[in-house]
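Q: Next up is a structure, given as structure tokens.
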Amino acid sequence: MAATPRVGIVYHFFAHYRAGINQALLDSARYDYLFVGDEVDPQASGIKAWTRPATATFVSTHCRLLARKFLVQSGVIRFALRRDVQAIIFLGDAQYLTTWAAALLARLTGKRVFFWTHGWSDNERGFKDRVRRAFYRLAHGLLLYGHRAKHIGAAKGFAPAQMHVIYNSLDYAVQRTAREAVVPDELAQLRAELFPRAPQHPLLLCSSRLLPQRRLDVLLEAMQRLRDDGIETHLLLIGDGPARAALAEQAERLHLSVHFYGACYDEDTLARLMMAADATVVPAQLGLTAMHSLAYGTPVFTHHDAEDHGPEFEAVIPGYNGNIFQRNDSADLARVLRAWFARAEPASEVRRRCYEVVERFYNPDYQRQCIERALDGLPPDDEAWEAFQRDHAPTAVLV
């Protein structure tokens, strides 16, 4: 019997939110995955590390930063030369200097090379664009988070057959277990505990680091506008950060109902908090919060400019599982929320629509299928996404 092909996954550091896809890869019967990276985050971000199961084969490589942005990873070149590894998937960041050499050596020794990367977020020009193109051409294929990056890459001359969209995910199995354990009475009780004066009012939520660039001030302004129209709302902020004091002052000045919950990493608690909310609102820089919210059946609202967001923005289907508004426009955000609340749809239907895109595309099992399709040398399968988009075209956009 032929040995199971070995594939290296080379990251600088494996964060806790990669647990779902990492476990899905470990459970594969087709490939034997090795995880290569540092024990701690070299960027000192404070992000928790992945708690590796005993079944994971881990190759420790020390990383260090040069000039605060260029990364050198010791041991990765030696790993690229290993004869027992048939393919390597690198985190596709051109600022990781040793990845250039390791990818080239891996190719020269007959290995398949892939870059796991966000890809293009805009139509770059000049030197940065030339560097990115040269870097990406070191790989046999790109594993991209979203279709927008693939369209931009195709316009830049990269073959669509070499660009595989693998989406993104959190640990959906854990999330599904957590949400199935929640009962409606718990949610009603939680709302009453958080906002005892009027728990029946619409509850907005944002789970994020409280940073100025998140533009949560726009959300507070929208709440004021809604109140002026006779719609009282509550806001639950999960997270902490340097913008907290300014947001607290703004909320007090505008006499808004805002609860600063603080940071939370317990999934059972997060399930209840997110399921208690009527809407998640991320005024800027939407990313994995979209996956978190939709997995718990809570629609997502954010601004229209894809350039400002992570690729997870593509999971928000306007008028179906959330909606979009004009960037930095609190009046437009208030208008969109007002129209959504006026629809008065059954909560079960709203939750079903939110779950749908996660269960179809944004989960670890589907990610693994897309990754292994690339490893198998098969062309990307974009038809499923295209069909999903056709079936859920935003015919009900709230304008």
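Q: From Thr51, Thr98, which residue is of a type in the set (S, T, N, Q) and closer than 20 Å to Leu142 by Cα?
A: Going through Thr51, Thr98 in turn, just one is of a type in the set (S, T, N, Q) and closer than 20 Å to Leu142 by Cα: Thr98.
Q: Please list, ordered by first then second residue, the pairs with beta carbon atoms under 6 Å, 6 or more apart or interchain, first in segment 107-126 and without any contact (Cβ under 8 Å) to a residue 40 or more places away in the chain, second among the charged types (D, E, K, R).
A: Taking only residues 6 or more apart or on different chains, the pairs are Val113/Arg107.
Q: Which condition from (1) in contact with a Gly (Cβ under 8 Å, 6 or more places away or on another chain); (2) under 24 Å from Leu378 (Cα atoms) is the one that Gly110 breaks?
A: Going through the list (1) in contact with a Gly (Cβ under 8 Å, 6 or more places away or on another chain); (2) under 24 Å from Leu378 (Cα atoms), Gly110 breaks only (1).
Q: Within the set of pairs 6 or more residues apart or between chains, which connect a residue that is more than 18 Å from Glu39 (Cα to Cα) inside segment 56-85 to a residue that is exposed (fewer than 13 other Cβ atoms within 10 Å of the Cβ) with Cβ atoms less than 8 Å apart?
A: So the pair list comes out as Ala80/Thr109; Leu81/Thr109; Arg83/Thr109.
Q: List pairs: first residue in segment 204-222 and within 13 Å of His303 (Cβ to Cβ), second residue at pLDDT below 95 anywhere in the structure, Cβ distance under 7 angstrom, at least six positions apart or on different chains.
A: Arg214/Ser208
Q: Do we find that Val336 is over 18 Å from the mean Cα position of the chain (by Cα) and of a type in the set (Val, Ile, Thr) in this structure?
A: Yes: the conditions hold for Val336.
Q: Any residue in segment 325-349 that's at positive phi and in the same structural domain as Glu221 (by TED's automatic domain parsing): show its pairings with residues that are in a loop (DSSP other than H, G, I, E, B) and among the charged types (D, E, K, R) at Cβ separation under 7 Å, as long as the two are six or more apart or on different chains.
A: Asn328/Arg215
Q: Taking segment 42-58, which residues are under 19 Å from Ser74 (Cα atoms) and either in contact with a Lys or Arg (Cβ under 8 Å, 6 or more places away or on another chain) or in a loop (DSSP other than H, G, I, E, B) (or both)?
A: Pro42, Gln43, Ala44, Phe58
Q: May I ask you to verify whether Gln43 is out of contact with any Asp or Glu (no Cβ under 6 Å at 6 or more places or on another chain), modelled with pLDDT of 95 or more and assigned by TED's automatic domain parsing to the domain that holds Ala154?
A: No; evaluated as a whole, the condition is false for this residue.
Q: Let me ask something additional. Cβ-Cβ below 8 Å, separation at least six or inter-chain, first residue in segment 368-386 and in a helix (DSSP H, G or I) and at pLDDT 95 or above, second among the charged types (D, E, K, R) and crowded, with 18+ Cβ neighbours inside 10 Å: which pairs?
A: Pairs found: Leu375/Arg112.
Q: Quick one: which helices (runs of 4 or more DSSP H) sit completely within segment 159-247 and have at least 2 residues that are crowded, with 18+ Cβ neighbours inside 10 Å and touching a strand residue (DSSP E or B) at 6+ places or on another chain (Cβ under 8 Å)?
A: So the answer is 216-228.
Q: May I pose another question? Mind telling me which of the residues Val357, Val316 ends up being touching a residue at least 40 places away in the same chain (Cβ under 8 Å) and crowded, with 21+ Cβ neighbours inside 10 Å?
A: The match here is Val357.
Q: I'm checking my understanding of the structure. Among residues of segment 17-50 that are aliphatic (A, V, I, L, M) and free of Cβ contacts under 8 Å to residues at least 60 places away in the same chain, which one is farthest from Glu372 (Cα to Cα)?
A: Ala44
Q: Here's another thing I want to ask about it. Given the options Ala49, Ala94, name the one that is touching an Asp or Glu at 6+ places or on another chain (Cβ under 8 Å), assigned by TED's automatic domain parsing to the domain that holds Leu375 and under 23 Å from Tyr145 (Cα atoms).
A: After applying the criteria, what remains is Ala49.
Q: Could you please let me know if Ala56 is surrounded by 14 or more Cβ atoms within 10 Å (Cβ to Cβ), under 21 Å from the mean Cα position of the chain (by Cα) and aliphatic (A, V, I, L, M)? Lay out the reasoning, then the answer.
A: On the way: surrounded by 14 or more Cβ atoms within 10 Å (Cβ to Cβ): yes; under 21 Å from the mean Cα position of the chain (by Cα): no; aliphatic (A, V, I, L, M): yes.
The answer is no for Ala56.
Q: From Asp381, Asp308, which residue is more than 30 Å from Ala29 (Cα to Cα) and either of a type in the set (Asp, Glu) or loosely packed, with under 14 Cβ neighbours inside 10 Å (or both)?
A: Testing whether each residue is more than 30 Å from Ala29 (Cα to Cα) and either of a type in the set (Asp, Glu) or loosely packed, with under 14 Cβ neighbours inside 10 Å (or both) leaves just Asp308.
Q: Would you point out which residue out of Leu294, Leu273 is farther than 22 Å from Tyr366 by Cα, assigned by TED's automatic domain parsing to the domain that holds Val183 and in contact with a Cys (Cβ under 9 Å, 6 or more places away or on another chain)?
A: Being farther than 22 Å from Tyr366 by Cα, assigned by TED's automatic domain parsing to the domain that holds Val183 and in contact with a Cys (Cβ under 9 Å, 6 or more places away or on another chain) holds for just one of Leu294, Leu273, which is Leu273.
Q: Check Arg133, Arg214, Arg125 and return the single one that is among the basic types (Lys, Arg) and not assigned by TED's automatic domain parsing to the domain that holds Thr99. Give the derivation first.
A: Details: Arg133 fails: not assigned by TED's automatic domain parsing to the domain that holds Thr99; Arg125 fails: not assigned by TED's automatic domain parsing to the domain that holds Thr99.
Every option except Arg214 fails the conditions.
Q: Do we have any residue at all in segment 275-288 that's hydroxyl-bearing (Ser, Thr, Tyr), within 29 Å of Thr117 (Cα to Cα), surrounded by fewer than 22 Cβ atoms within 10 Å (Cβ to Cβ) and within 16 Å of the chain's Cα centre (by Cα)? Please lay out each step first, then the result.
A: Taking segment 275-288 first, the residues hydroxyl-bearing (Ser, Thr, Tyr) are 280.
Right, trim to within 29 Å of Thr117 (Cα to Cα) and you get 280.
The next check asks that each one be surrounded by fewer than 22 Cβ atoms within 10 Å (Cβ to Cβ); those that pass are none.
Within segment 275-288, none of the residues are hydroxyl-bearing (Ser, Thr, Tyr), within 29 Å of Thr117 (Cα to Cα), surrounded by fewer than 22 Cβ atoms within 10 Å (Cβ to Cβ) and within 16 Å of the chain's Cα centre (by Cα).
Q: It is to be established whether one or more residues within segment 320-331 are closer than 15 Å to Cys206 by Cα, crowded, with 20+ Cβ neighbours inside 10 Å and among the hydroxyl-bearing types (Ser, Thr, Tyr).
A: Among the residues of segment 320-331, not one is closer than 15 Å to Cys206 by Cα, crowded, with 20+ Cβ neighbours inside 10 Å and among the hydroxyl-bearing types (Ser, Thr, Tyr), which makes the answer no.
Q: Could you run through segment 24-41 and say how many residues are crowded, with 20+ Cβ neighbours inside 10 Å and part of a helix (DSSP H, G or I)?
A: Residues that pass the stated criteria total 2.
The values are calculated or read from the model by the stated rules, or taken from the named source; none is laboratory data. Keep in mind that what you see is a predicted model, and the values were worked out from it rather than measured. Methodologically, a virtual Cβ is constructed for each residue, glycine included, from the backbone with ideal geometry; neighbour enumeration extends over all protein chains shown.
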